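Q: Dumping the structure here so I can ask a few things about it.
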Amino acid sequence: GHFEHGNTHSDQFLELVRHQTELCDSFQSFILLHSLGGGTGSGLGTKLLQLLADQLPKKCRFTTSVLPSTIPGCGCSDDVVTSPYNSVMA
């Protein structure tokens, strides 16, 4: 996500952000909800945060990061083996 899709689509993402921010009357901040367990949330989510920090450094960025479950025996533990590694590396 971070290196593959993030680098490939970063210009499109920034163009979408630019367009949406121009439509705002009083643009103040970003809110990002993403998962750190894997898929596109950990890599692509952190890449998008990095792009926003680089392009719009004076705008606040609020994130809610969803961590993988680590409670054994509750029936809700994460089924992805690499989730703990993705969370640390994100």
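A short reminder: the numbers here are calculations on the coordinates, not readings from a lab. This is a predicted model, so every value here is computed, not measured. When we count neighbours, we look across all protein chains shown, and the Cβ atoms used for this are built from the backbone with ideal geometry, even at glycine.
Q: Under a plain spin-label model, where a point goes 7 Å from the Cα along Cα-to-Cβ, how far apart in nm are Arg18 and Gln55?
A: Computed distance between label sites Arg18 and Gln55 equals 0.8 nm.
Q: What ³J(HN,Hα) values, in whole Hz, does the Karplus curve 6.51 cos²θ - 1.76 cosθ + 1.60 give for segment 17-29 when θ = phi - 60°, with x put for Gly and Pro?
A: 5, 4, 4, 5, 5, 5, 7, 7, 7, 9, 6, 10, 7
Q: Hey, another quick one. Beta carbons within 10 angstrom, averaged per residue: use that to sort the peptides 43-49, 61-67, highest first.
A: Sorting 43-49, 61-67 by mean packing, highest first, produces 43-49, 61-67.
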